[in-house]
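Encoded as structure tokens, the structure appears first; notes follow it.
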Amino acid sequence: MVRWSEGMVWCSPERHGAMTGIMKAQIDWIPLSEGAVRPSQGKTLAVMQVCGGSQSFNAVNQMRILGRWMRMITIPNQSSVAKAWQEFDEDGRMKPSPYYDRIVDVMEELMKFTLLTREYAAYLVDRYSERKESAEALSRRVNQSKI
């Protein structure tokens, strides 16, 4: 999925002050590199969390760090829904609220960043350290002693 997606949304419950183990395991299954390039590199990322109690930002902070480490473009906005169990109606739909509005804001921002960076993603993640030649390879390529 990471190879074909342009952007991702990571959302986790906060459990014992952190993202859940299941969420971390899912992120850990994303390949770290294919050659010198990470498949997540240059993709946009939105982070959100739900809390069973008071509002916190521990899980989104952890996911934001992971996204940065995976060379993703993590959008500035994020969402944390406190007492999430109170935010849904009998049919399982989220009730109108500032939390709902914030989630929509986050999704809109993700779309905007994805569209803005779409044509430039390869340029934005072009890294000198990944494209430089070793001195030995350069010498082989330009060796003029054979001329």
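Quick notes on this structure:
- Cβ-placed point charges (K, R +1; D, E -1), dipole of segment 7-142 about Cα centre in debye, nearest 20: 560
- Fewest-first sequence of Phe57, Phe113, Phe88 by Cβ atoms within 10 Å of each Cβ: Phe88, Phe57, Phe113
- Max mean-square fluctuation residue, GNM over the chain, Cα-Cα springs under 10 Å, options Gln62, Gln41, Gln86: Gln86
- Scanning residues 5 or more positions from Thr74 or on other chains, those with amide H under 5 Å from its amide H are Leu45, with H placed 1.01 Å from N in the peptide plane.
- Farthest positive-ward along the chain dipole, Cα basis, beta-carbon charges - from Ser139, Leu115, Tyr128: Ser139
- Note on Ser97 and Val37: with the Förster distance fixed at 41 Å, the Cβ-Cβ geometry gives a FRET efficiency of about 0.50.
- Most fluctuating residue given options Ala121, Ala135, Ala25, as computed from a GNM of the chain linking Cα atoms under 10 Å: Ala135
- Put simply, the amide H of Val50, placed in the peptide plane, has neighbours under 5 Å in Ser12, Glu14, Val81, leaving out anything fewer than 5 places away on its chain.
- Alpha carbon centroid spacing (whole Å) that separates segment 1-62 from segment 67-98: 13
- Couplings 3J(HN,Hα) of segment 5-19, computed from phi: 7, 9, x, 9, 10, 10, 9, 9, x, 8, 10, 6, x, 8, 5 Hz, in residue order, whole Hz [Karplus 6.51 cos²θ - 1.76 cosθ + 1.60, θ = phi - 60°; x for Gly and Pro].
- Read-out Cα extents along the principal axes in Å, derived from the coordinates shown; its label in (i) 46, 29, 23; (ii) 80, 31, 22; (iii) 44, 32, 29: (ii)
Each reported figure results from applying straightforward, stated rules to the coordinates on display, with no laboratory input. This one's a predicted model, so the numbers in the text were calculated from it and none came from an experiment. A quick note on method: Cβ atoms are made from the backbone with ideal geometry, for glycine too, and the neighbour counts reach across all protein chains shown.
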